1. Has the range 208-222 got any residue that is within 15 Å of H262 (Cα to Cα) and of a type in the set (A, V, I, L, M)?
2. Here are some conditions: (1) open to solvent by less than 50 Å² (accessible area, probe 1.4 Å); (2) under 16 Å from F265 (Cβ atoms); (3) among the hydroxyl-bearing types (S, T, Y). T212 meets all but one. Which one does it not meet?
3. Just need a number here: residues in the range 156-188 that are open to solvent by less than 10 Å² (accessible area, probe 1.4 Å) and within 24 Å of L87 (Cβ to Cβ).
4. Between S112, S187, which is touching a residue at least 40 places away in the same chain (Cβ under 8 Å) and over 23 Å from P284 (Cβ atoms)?
5. Within the range 116-130, take every residue that is more than 14 Å from H99 (Cα to Cα) and not acidic (D, E) and give me the one that is most open to solvent (accessible area, probe 1.4 Å).
6. Please pick out the residue among M264, M332, M300 that is under 22 Å from L85 (Cα atoms) and modelled with pLDDT of 95 or more.
7. Of all residues in the range 99-124, count the ones that are in contact with a Pro (Cβ under 9 Å, 6 or more places away or on another chain) and not hydroxyl-bearing (S, T, Y).
8. Mind listing whichever residues of the range 105-133 are basic (K, R), over 16 Å from F94 (Cβ atoms) and part of a loop (DSSP other than H, G, I, E, B)?
Amino acid sequence: MGNVSFSPQLFRLSSPPSLSPQLQPTPPEKIVLVKETVVPEPEKVMHNMTEEEEELMWRATKVQETPSTVKRKKVAFMFLTRGKLPLAKLWERFFNGHHGLFSVYIHTGDLSYVDDDIPETSPFFRRRIPSKEVEWGMVSMLDAERRLLANALLDAANQRFVLLSEADIPLFNFSTIYSYLINSQHSFVDLYDLPGPAGRGRYNRRMSPVITRSKWRKGSQWFEIDREIALAVVSDNTYFPLFKKHCRWGCYAEHYLPTFVHVMFSGKNANRSLTWTDWSRRGPHPRKYTRRSVRAELLMKLRNKEGCVYNRKESNKCYLFARKFDDSCIDMLIHFAGRIMGF
């Protein structure tokens, strides 16, 4: 399907939900662009909308009405985790010195998560959004991703949105990744048509005629998208409700974004993920790297992959992130951060 232009009116919620006095939205000038198009960095992302997600999604869509230009564009790094981030020290080194060019959001399935032991100087301090339990492969995972996107969209300076796990690492320094994302002409959602039970076989024909089997796509859960697609995802009241109703056991909710982007934004998508994952071993989960796996040769190999296209030109810089690395890797990763990754 060719590129389809996107009109926000197609996805905007028809009317704002009724709000109690204590949940009235903050005046726009306090949450979006202010004079000289500078968006102040929020002190924290916790808010009182845990049970008011419809309002959150609606507020996120309203930010689109602000001026499209911002003084300093930011990348939103969204961490979908089971609990705390065991590789936080590596990411802290990665972010160091680049305040004002990024935002951090954490959604954790561990509802007992607290950040009392995180220093105020850390980019992860008070960056947890209101979270709920997440079950792998189920629609609750999509709900979590939409919460992350909606919170990130409230900051009009966020122009690119990256979904990461607690087991992900950056393969390059911040400046390289920031430039790659901000200057990209495409978003990066891995999607493909896969015959057989692990692909087309997961399609539920009850989704027809809105989603037909020919539109059904599979792909990586870990994405990088621009603001237009992020807005469409949180505003989607056509495709997402179908997934929520019909995509249950045997379906896997990870098919939603590849299918949605394939239908609505095929011309804007690079059809690949920026996160390296090793699926060479059979099974539902990719290879997990331990401390013994982390070697200079591995990191150099992941940083130099051939066969991808960036802004319509051949490139050997195909992956910006990699997974899955467990907590035993942290010392080795920090050791190689300066020598190989450049931070």
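1. Yes, there is a match, as at least one residue in the range 208-222 is within 15 Å of H262 (Cα to Cα) and of a type in the set (A, V, I, L, M).
2. In the conditions (1) open to solvent by less than 50 Å² (accessible area, probe 1.4 Å); (2) under 16 Å from F265 (Cβ atoms); (3) among the hydroxyl-bearing types (S, T, Y), T212 misses (2) alone.
3. Result for the range 156-188: 14.
4. S187
5. If we take residues in the range 116-130 being more than 14 Å from H99 (Cα to Cα) and not acidic (D, E), then R126 is most open to solvent (accessible area, probe 1.4 Å).
6. Answer to the selection: M332.
7. 4
8. R126, K132
The values are calculated or read from the model by the stated rules, or taken from the named source; none is laboratory data. Everything numeric here is computed off the predicted structure, so don't read it as measured data. Cβ: placed from backbone, ideal geometry, glycine included. Neighbour counts: every protein chain shown. Please note that ligands, DNA and RNA were not included when accessible areas were found on the heavy atoms of the full protein model with its side chains. Shrake-Rupley method; radii C 1.70, N 1.55, O 1.52, S 1.80 Å.
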